[in-house]
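**Q** I'd like to ask you about the structure that follows.
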Amino acid sequence: MNDFQQQVIAILKEHAPIWLVGGVVRDQLLGMPSQDIDLVSPLQPEKAEEILRKNNFEPLRLGKNFNTLTLFTENKRIDLVYAENLFQDAMGRDFTINAIYLEPNSGEIFDPFDGRKDLEDKVLKCCGTPEDRFREDPLRILRMVKFAVKYQMKIEEKTWEEARKLLDLLANVSKERITAELAEILVLEEAEKAARLLAEVGYWDVFVPELARLQGIVQNEYHSLDVWEHTMAVFRNTPPDLFLRLAALFHDIGKWETASRECFLSGKLEYSENKYRIDKYVIIGTRGKGELDSKLRPLIGKEIKILGARLDEYPDIVQFKRLLLGEDLKKGISYVEKGKRHFLNHEKASARLLAEILQRYTFTMHFAGGGQKRQDDLLKLVENHMQATLTFMPEFRGGKAKNPFEERAAELVWKLCWDGRIFEVQNIHDFVVLWRADFMAGKVHTEAQIKLFEEIQAELINVALWQKETLSKFNWYLLQDFAANQGLSGASLGRFKNFVRAKAMRERQPEINLPFLKKAYVQFNKR
């Protein structure tokens, strides 16, 4: 305890007995430090508040019945709870390990539920009847998971069974309290174990089914794990940062709805209700709105055959891959023998689903700076987490790409770090951390691919640092003079400036000069 906490205890003890309880006692018995302290006293809240204010403290009245006084200072917190007697107070506490009372001067311990023995035996159980404790505050179900993992404890069977039975009551708890508890759980040293416990108790099934349904989804030959186990591996590979842990946990949730297998589909192509169809099967594109119109519209009413990908969960939907010309037009649908396993555009689906999930929580309150901006960064990261793999796929496959390696690296970094107003180097840091966690999570790689991966990561970081530094040195007055001579102003000037900025970053142009602006202007007008 610090001087502030000791001073408060000394002042209050002059008027009534004071006991330490909860985390401060538990952690002291475990030899661990504790930031905040909980106190229990028969001192009436009104009297305690009066005493503290006379001694120049400013307590706040909190709690359901305003029976708790709270003091803050120097990142320390004291909660003083009123209780007529200790056993009455203990009956309302969550777990036996948190119902151990310590008299701060004499060292006397009051332990009505043998919490010290449970600490020694590493058994987590409720005080009194588990059903009563969880009904009083269902959030204790999440706290159960946190304590079990943090202190490596086994959950008592009755406590566990009641938690599973009463899990639905968490729907009555405010999302602010739920989020605060999850924010602590997700950054535990063994957070993967906590995520699995949440699955076993049924939390993901009930409250985040988008995550729970990943279990058992088979992936392609490049993965040795199903989607759920791969997700756990990525989660395990991620450092204890809430932003990155959320990205890891939800980066592949779109795979359930995009999981597909290669198929052949042939028959008469029809178009109705703004959809292309063959028989009962709806054909959808994966490369933008114009893809199907350019490939299929001229063929409406004709017999065709396509190579597609039939969705597992929506078997009447086929993703378009390409037309098969001169092929046997045997009507109907059939899977390709030894065909590819696909999750086409799963990263976009993941970002969309994550946006929906985040509305159930208040994680913006827990991100280290940025708030809503940081949440937007999270969605952008998830939506683009495959971009490096796709960008450098030719190299990973031992081939060559149309565009130079350096140009593609610069374009990727610009896409990830520029938000339209400022350049965020943090974004490339987040990206490479998640990509590494994903790349090493049960995927099959050669030594050459791993070496290439390391080289690409280093290049992306170097490019980001170069772009950040170079942007700050650009002479925009030269651009403004040039644009004025071309008759550009207002919105058109803004668009030209954005075009020049992006072009300079992609081409690694160290400065803006007249020849570069002239070339950029020609390209700008041809768009």
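The values are calculated or read from the model by the stated rules, or taken from the named source; none is laboratory data. Note that the coordinates shown come from a computational prediction; the quantities given were computed from them, not determined experimentally. Here the Cβ positions follow ideal geometry from the backbone for every residue, glycine too, while neighbour counts run over all protein chains shown.
**Q** Counting only residues that are over 15 Å from L167 (Cα atoms) and not polar (S, T, N, Q), how many does region 127-145 have?
**A** Total satisfying the criteria: 2.
**Q** The conditions are (1) under 29 Å from E50 (Cβ atoms); (2) within 32 Å of the chain's Cα centre (by Cα), and F87 fails exactly one of them. Which is it?
**A** Tallying (1) under 29 Å from E50 (Cβ atoms); (2) within 32 Å of the chain's Cα centre (by Cα), F87 fails exactly one: (2).
**Q** With free of Cβ contacts under 8 Å to residues at least 60 places away in the same chain and within 30 Å of C263 (Cβ to Cβ) as the only criterion, which of K340, K402, K415 stands out?
**A** When all the criteria are applied, what remains is K402.
**Q** With respect to G290, is the statement that it is among the small types (G, A, S) and either in contact with an Asp or Glu (Cβ under 7 Å, 6 or more places away or on another chain) or under 21 Å from K380 (Cα atoms) (or both) true?
**A** Here the answer is no, as G290 does not meet what is asked.
**Q** Being in contact with a helix residue (DSSP H, G or I) (Cβ under 9 Å, 6 or more places away or on another chain), without any contact (Cβ under 8 Å) to a residue 12 or more places away in the chain, assigned to a helix (DSSP H, G or I) and outside the structural domain of I278 (by TED's automatic domain parsing) is true for just one of T364, T389. Which residue is that?
**A** Only one candidate qualifies: T364.
**Q** From (1) within 20 Å of G92 (Cα to Cα); (2) assigned to a helix (DSSP H, G or I), pick out the condition that doesn't hold for G128.
**A** Answer for G128: the failing condition is (2).
**Q** What pairs can you find where one residue is in region 473-502 and touching a residue at least 24 places away in the same chain (Cβ under 8 Å), the other is among the basic types (K, R), and their Cβ atoms are less than 7 Å apart, with a gap of 6+ or different chains?
**A** Between residues of region 473-502 that are touching a residue at least 24 places away in the same chain (Cβ under 8 Å) and residues that are among the basic types (K, R), the close pairs are L479/K497.
**Q** For region 470-496, which residues satisfy the criterion of being within 20 Å of C417 (Cα to Cα) and in contact with a helix residue (DSSP H, G or I) (Cβ under 6 Å, 6 or more places away or on another chain)?
**A** Of everything in region 470-496, just one residue is within 20 Å of C417 (Cα to Cα) and in contact with a helix residue (DSSP H, G or I) (Cβ under 6 Å, 6 or more places away or on another chain), namely F496.
**Q** Filter the strands (runs of 3 or more DSSP E) completely within region 273-328 down to those with at least 2 residues that are among the charged types (D, E, K, R).
**A** Once the strands (runs of 3 or more DSSP E) in region 273-328 are filtered for at least 2 residues that are among the charged types (D, E, K, R), what remains is 275-278, 303-311, 317-323.
**Q** Name the pairs: first residue in region 285-301 and over 18 Å from L311 (Cα atoms), second residue modelled with pLDDT under 95 and small (G, A, S), Cβ to Cβ under 6 Å, at least 6 apart or on different chains?
**A** Taking only residues 6 or more apart or on different chains, the pairs are E291/G285.
**Q** Here's another thing I want to ask about it. With region 171-237 as the region, which helices (runs of 4 or more DSSP H) entirely inside it contain at least 3 residues that are touching a Leu at 6+ places or on another chain (Cβ under 9 Å) and in contact (Cβ under 8 Å) with a residue 12 or more places away in the chain?
**A** Result: 175-185, 191-201, 203-207, 227-236.
**Q** Condition test on G398, is it under 21 Å from L471 (Cβ atoms), modelled with pLDDT under 95 and out of contact with any strand residue (DSSP E or B) (no Cβ under 6 Å at 6 or more places or on another chain)?
**A** Answer is no for this residue.
**Q** Starting from residues that are out of contact with any helix residue (DSSP H, G or I) (no Cβ under 8 Å at 6 or more places or on another chain) and surrounded by 15 or more Cβ atoms within 10 Å (Cβ to Cβ), keep the ones in region 5-19 and report whichever is farthest from L69 (Cα to Cα).
**A** Among residues in region 5-19 that are out of contact with any helix residue (DSSP H, G or I) (no Cβ under 8 Å at 6 or more places or on another chain) and surrounded by 15 or more Cβ atoms within 10 Å (Cβ to Cβ), the one farthest from L69 (Cα to Cα) is K13.
**Q** May I ask you to list the residues in region 40-56 that are closer than 16 Å to F4 by Cα and either assigned to a strand (DSSP E or B) or at pLDDT below 90 (or both)?
**A** none
**Q** Which of the helices (runs of 4 or more DSSP H) found entirely inside region 436-517 contain at least 1 residues meeting this: closer than 30 Å to F396 by Cβ and of a type in the set (A, V, I, L, M)?
**A** So the answer is 447-471, 490-506.
**Q** If you don't mind, another one. For region 1-20, enumerate the residues that are of a type in the set (G, A, S) and either assigned to a loop (DSSP other than H, G, I, E, B) or within 18 Å of N85 (Cα to Cα) (or both).
**A** Hit for region 1-20 is A16, nothing else.
**Q** Using the structure shown, decide if R143 is buried (at least 16 other Cβ atoms within 10 Å of the Cβ), touching a residue at least 40 places away in the same chain (Cβ under 8 Å), closer than 18 Å to V24 by Cα and not assigned by TED's automatic domain parsing to the domain that holds D168.
**A** For R143, the condition - buried (at least 16 other Cβ atoms within 10 Å of the Cβ), touching a residue at least 40 places away in the same chain (Cβ under 8 Å), closer than 18 Å to V24 by Cα and not assigned by TED's automatic domain parsing to the domain that holds D168 - is not met.
**Q** Working carefully through the options L265, L269, find the one that is surrounded by 12 or more Cβ atoms within 10 Å (Cβ to Cβ), in contact with a helix residue (DSSP H, G or I) (Cβ under 6 Å, 6 or more places away or on another chain), assigned to a strand (DSSP E or B) and hydrophobic (A, V, I, L, M, F, W, C).
**A** Being surrounded by 12 or more Cβ atoms within 10 Å (Cβ to Cβ), in contact with a helix residue (DSSP H, G or I) (Cβ under 6 Å, 6 or more places away or on another chain), assigned to a strand (DSSP E or B) and hydrophobic (A, V, I, L, M, F, W, C) holds for just one of L265, L269, which is L269.
**Q** Right, here's the next one. State yes or no: is T159 in a loop (DSSP other than H, G, I, E, B), of a type in the set (S, T, Y) and modelled with pLDDT of 95 or more?
**A** Criteria not met by T159.
**Q** One residue is enough: does region 37-51 have a residue meeting the conditions crowded, with 16+ Cβ neighbours inside 10 Å, in the same structural domain as N75 (by TED's automatic domain parsing) and of a type in the set (S, T, N, Q)?
**A** yes
**Q** Among the residues of region 69-101, how many are closer than 16 Å to V8 by Cα and either in contact (Cβ under 8 Å) with a residue 40 or more places away in the chain or among the basic types (K, R) (or both)?
**A** Going through region 69-101 one residue at a time, the tally reaches 11.
**Q** Could I ask something else about it? Which members of region 21-39 meet the condition of being farther than 14 Å from N2 by Cβ, small (G, A, S) and in a loop (DSSP other than H, G, I, E, B)?
**A** Within region 21-39, G22, G31 meet the criteria.
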